[in-house]
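Shown next, in structure tokens, is the structure this report addresses.
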Amino acid sequence: MIQLSHLQKVYSGGQGGFRALADVDLTLPAGEFVAIVGKSGSGKSTLLNLVAGIDRPTSGTVHVAGTPVHALGESALAAWRGRHVGVVFQSFQLLPTLTVLENVMLPMDFCATLPVARARVRAMELLEEVGVADQAPKLPSSLSGGQQQRAAIARALANDPALLVADEPTGNLDSQTAETVVRLLADLARQGKTVLMVTHEKDLSAWADRIVTLADGRVAGQRQTKNQPAGAAAEPSHA
Amino acid sequence: MRRLPIPPRWKKLLQDLRAEKSRLILMLAAIAVSLLAVGAVMGAFAVLSREIGVNYLGTRPASATLEIPAGVDGRVLEVARSQPGIAVAEGRDVLQARARVGEDWRPLLLFVVEDFRALQVNTFTPTAGAWPPPPGGMLVERTAVPVLAAGLGGRVRVRTAHGPGVELPVSGLVHDPGLAPATQERSGYGYIARETLPLLGEPAVLHELRITLADAQAGLPAIEACAAGLAKALEAEGREVHEIRVPPPRQHPHQRQMQTILFMMLAFSFMALGLSGVLVATSLSAMLARQVREIGVMKTLGATASQLAGMYAALVAALGAVAVVAALPAGYGGAQVLAGAIADLLNFTLTARGVPWWVYAVQAAAGILVPLAVAALPIRQATRLSVRQAIERHGASADALGALSPRLPWPLRNALRRPARLALTVVLLAGGGAMFMTALNVSAGWERNVAKVYETRHYDIEVRFHEAQPETVAEAIQGLPGVRAVEAWGYSPSAFSRPGQVDVVRTYPDRGHASFSVMAPPPGTQLIRFPVLAGRWLREDDRDAVVLNHTAAAARPGLRIGDPLNLSLGGKATTWRLAGIVEEIGSPGAAYVTDHAFARLAGTRGRARLLRIATEATTPEVRQHRIRAIERKLAEVGAGVETAWPLAELRTAMADHISILIRSLAAMAVVIATVGALGLSSTMGTSVLERTREFAVMKTLGATPARVTRQVVQEALFMGALSWVAALLLSVPLTAWLDALIGRLGFVAPLPFILSAGPMALWLGILGLVTLAATLLPARRAASLSVAEALVRL
């Protein structure tokens, strides 16, 4: 379960700084596919970053599965992130000098979850799961956008995290590929992962179990879709 | 064979290195070159320190030499050997003779030995020919062969104070590491047996009693006390002791020079290593700047800051290790070359060339730890960035620019965007520039001092007689064609005497190093004009006034104008009052008194032992021609010449003594300047890469490639200009420090402080060229990228 309490984030700079999040209280159950939507500058990415421990709140608390993320030190935060959170970026962020397979092995290396040989086997399994196993020995630059994002999802799953966060994961993809990627995320949610996805594409948010709308740094609304309860439907309600 | 699996993070590091090959080579080269210098200097120091023991101390240098006018006989030796604390006593003599070389006479120091087979003090070893020399034969020190133009089997005409001149065969060659090389001293060294003395017209008497103390580590006070005790015991036996000579114990005449040279070179080597470390830091920070987003990604994948820092630290350590491996053999080679060159300066033969293990250990430790220490800051900065900061970074930010920035020119603002990198680059370039300018400034100071030899002396030939001659010889010389002026001076070797005690001087057995003499110019001499450092110069009516040159004054610290001063003249104690101190560059210690006061006390009225002659010669050949004419004239009037040499010899000898130092300085300056240039190149390359996107934006706004290039070059020029100012400021204390160090070494006084405009302009020019070379390529690359290409970068 994700529990955000009186969460506030102010970025320094300018007069008095910029308030990205203002007193956000939000509780999200585990195992859901949650879409966070809102206009540009509404605080979507900031919220995601705070939940994933990528950034720190100015005030308030962030609890993920009982862990006080806001209170963790840098090293503990890195270790926690590596073991419990998978991050998917809009621009994939695969390391360009490593092969696709090595990219997927990297979190297991940093977190020492598996020895190299076993990590290789697991990485291959994950790539197969996301459908790009045949691209494993290649460098990311030779893959299409969709393939890169699938590989990035495989990498995010490397340490079998309970939480997957994805910031505009389809922002750099065509609509067909984007749908495939979101379907993949939805599948993962059905398998028990909590998936938090920031998007501004209404069509895609329809795949989510729950939609949280942000406006001016506050939660403007929250609703469950017809996809609830978890795993009840394989397709979005509107589809 | 199965390859060991490499964890992906290390694989990433290896791949990154592959992508940064040129930067990597640059870092490696900088560390390796500096380490080479460190290894060469330390290795040479280790080898030479060991060889001092084998070569100089191996000659068993005398702790003290007692001058006994009546000669050393069996009883003298018996008394000496019975004195407590004395291990060895031996009779010797040294004659200031002359050797005929072609048409000229050259100075020749003749060392007279009682028994070549039983040498126990100031020993030397045969290298060729007969040992011992047959009666009437002479051994020649190996470095004196070119000076005398006579090798083994040759013949040398030798003339002493009392002899007519005899041709002696060169029966053998010897190596005497206790003497400075003959080529540097411009004097021949010969060795004869006592029986050969009558052949030369000299009595077969040895006037020197040389002793060594049982305590090999005895210091000056203990040696002086022991020698004074021996002198007292001899005087109790009715044997007069004229003088005691105690050179600095266990110290070769050129040892201080060697140690100072090596110390200075070592300091510069470590400076170069430090600058290489800075270069590594700038290059690494450039690499990290490109990877900062990847660092952010790795952090989201669970990498901790210490894991990432460990990766990059391992990279720097590995770089250092590779540089160490490359530098160790090269450093060994450098050590051999340097040790060989300095061994020549010391007249040493390197008996073993092995470099001790600790030199390699220090090199290895320095090669790995110095770059690591300097790179720690950029590594820490990059790996401590928060994930969000790292991921959101797009090239160089403008966060570092303060409120003042809008008023600064644009290129300057850009250079200030990365203050840490700017500082590192400026430090690098300023270090190289300061070294470069310092080397040339010190060199100019040295030249200035050497020029003073001529500016303060208005004669070009000096003639010394074995004994004082009637002053009419000056008139005879004055009448020779081409002679402009002649002055007859009083002269006597001397010592600062202590009432009731035998004179103690610091002179080495070659009679030249650390010698001291009294000079008595005529009133109103026109041939010297030394700058007065304190008090005044001599006046005609002075009766007890003495003026010391700065070298002599340095031997008596605390002496003030007006203080009484006891000087020994021909073994007689005389008392003077210090009237002044003058700067006399290029001479050993000297005390100047009026000629009439000198004549009165030395009993040489109407006679002179020294002629200083100004001729109209403008070339060495003409001057040598004049010297020959003077020699002929003096021979006609029967004046026994001890030495006759042109002033130019002094300049040559001075240059020979320290020229290696100036050359080393210049070499070090080039090394450091190269490291600095590489640093600028690296910084500018990075700066351009980071801002590729900005340049694309500029181009969409209408900037031409030339405009972009100009912008980048202007930034580099700003950095270069900033470093030039810093180098100029840094070169001031550095020049002052080196002037003092080298000046004291060569002239017993700091070199004149000169900040030459030439080196400043030259460095500015070099900097300009380096800046252009370092910038044009990345700037052109950036300018030639299409907007679309540029926007997807970084």
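Taking the criterion of being at pLDDT 90 or above and closer than 13 Å to B:VAL297 by Cα, would at least one residue in the stretch A:128-141 satisfy it? No, the stretch A:128-141 has no match at all.
For the stretch A:107-119, the tally of residues that are facing another protein chain (nearest Cβ under 7 Å) and farther than 23 Å from A:LEU173 by Cβ stands at 5.
Okay, residues lined up against (1) part of a loop (DSSP other than H, G, I, E, B); (2) buried (at least 16 other Cβ atoms within 10 Å of the Cβ):
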| position | (1), (2) |
| --- | --- |
| B:ALA44 | no, yes |
| B:GLY58 | no, yes |
| B:PRO61 | yes, yes |
| B:PRO69 | yes, no |
| B:ALA97 | no, yes |
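Only one of (1) over 24 Å from A:SER144 (Cα atoms); (2) surrounded by fewer than 17 Cβ atoms within 10 Å (Cβ to Cβ); (3) in contact (Cβ under 8 Å) with a residue 60 or more places away in the chain is not met by A:ASP160, so which one is it? Unmet condition: (3).
Is it fair to say B:GLU51 is acidic (Asp, Glu) and more than 14 Å from chain A (Cβ to nearest Cβ)? In short, yes. Answer yes or no: is there a residue in the stretch A:216-230 that is at pLDDT below 90, under 25 Å from A:SER144 (Cα atoms) and surrounded by fewer than 15 Cβ atoms within 10 Å (Cβ to Cβ). Looking through the stretch A:216-230, none of the residues is at pLDDT below 90, under 25 Å from A:SER144 (Cα atoms) and surrounded by fewer than 15 Cβ atoms within 10 Å (Cβ to Cβ). Free of Cβ contacts under 8 Å to residues at least 12 places away in the same chain and part of a helix (DSSP H, G or I), is that true of B:ARG600? Answer is yes for this residue. If the condition is being surrounded by 13 or more Cβ atoms within 10 Å (Cβ to Cβ) and more than 9 Å from chain A (Cβ to nearest Cβ), then the stretch B:14-27 contributes B:LEU17, B:GLU20, B:ARG23, B:LEU24, B:LEU26, B:MET27.
Exactly one residue out of A:VAL88, A:VAL104, A:VAL69 is closer than 22 Å to B:PRO5 by Cα and more than 7 Å from chain B (Cβ to nearest Cβ), and it is A:VAL104.
For A:ARG56, state whether it is in a loop (DSSP other than H, G, I, E, B), buried (at least 17 other Cβ atoms within 10 Å of the Cβ) and of a type in the set (D, E, K, R). Walk me through how you get there before you give the answer.
On the way: in a loop (DSSP other than H, G, I, E, B): yes; buried (at least 17 other Cβ atoms within 10 Å of the Cβ): yes; of a type in the set (D, E, K, R): yes.
Criteria met by A:ARG56.
The numbered conditions (1) of a type in the set (Lys, Arg); (2) within 14 Å of another protein chain (Cβ to nearest Cβ); (3) touching an Asp or Glu at 6+ places or on another chain (Cβ under 7 Å) are all true for B:ARG92 except (2).
Look at the stretch B:373-390: where a residue is in contact (Cβ under 8 Å) with a residue 40 or more places away in the chain and a partner is of a type in the set (Asp, Glu) and assigned to a helix (DSSP H, G or I), sitting 6+ places away or on another chain with Cβ atoms under 8 Å, you get B:ARG384/A:GLU74.
Of B:GLU649, B:GLU584, B:GLU642, which residue is acidic (Asp, Glu) and assigned to a loop (DSSP other than H, G, I, E, B)? Break it down stepwise before answering.
Details: B:GLU649 fails: assigned to a loop (DSSP other than H, G, I, E, B); B:GLU642 fails: assigned to a loop (DSSP other than H, G, I, E, B).
Every option except B:GLU584 fails the conditions.
Within the stretch B:745-779, track down each residue that is surrounded by fewer than 20 Cβ atoms within 10 Å (Cβ to Cβ), of a type in the set (A, V, I, L, M, F, W, C) and over 21 Å from the mean Cα position of the chain (by Cα). Answer for the stretch B:745-779, where residues must be surrounded by fewer than 20 Cβ atoms within 10 Å (Cβ to Cβ), of a type in the set (A, V, I, L, M, F, W, C) and over 21 Å from the mean Cα position of the chain (by Cα): B:ALA757, B:MET760, B:ALA761, B:LEU762, B:LEU764, B:ILE766, B:LEU769, B:LEU772, B:ALA773, B:LEU776, B:LEU777. Summed over the stretch B:214-254, the residues that are at pLDDT 90 or above and buried (at least 21 other Cβ atoms within 10 Å of the Cβ) give a count of 6.
Within the stretch B:427-463, restricting attention to residues that are among the acidic types (Asp, Glu) and surrounded by fewer than 20 Cβ atoms within 10 Å (Cβ to Cβ), the residue that is farthest from B:LEU764 (Cα to Cα) is B:GLU455. Of all residue pairs spaced 6 or more apart or on separate chains, those with beta-carbon atoms under 8 Å, a first member in the stretch B:299-310 that is within 7 Å of chain A (Cβ to nearest Cβ) and at negative phi and a second member that is surrounded by fewer than 24 Cβ atoms within 10 Å (Cβ to Cβ) and among the charged types (D, E, K, R) are B:ALA303/B:ARG9; B:THR304/A:GLU74; B:ALA305/A:GLU74; B:ALA305/B:ARG384; B:GLN307/B:ARG9.
The values are calculated or read from the model by the stated rules, or taken from the named source; none is laboratory data. Given the structure is predicted, the values throughout are model-derived calculations rather than measurements. Using ideal geometry, Cβ is built from the backbone for each residue, glycine included, and neighbour counts are taken over all protein chains shown.
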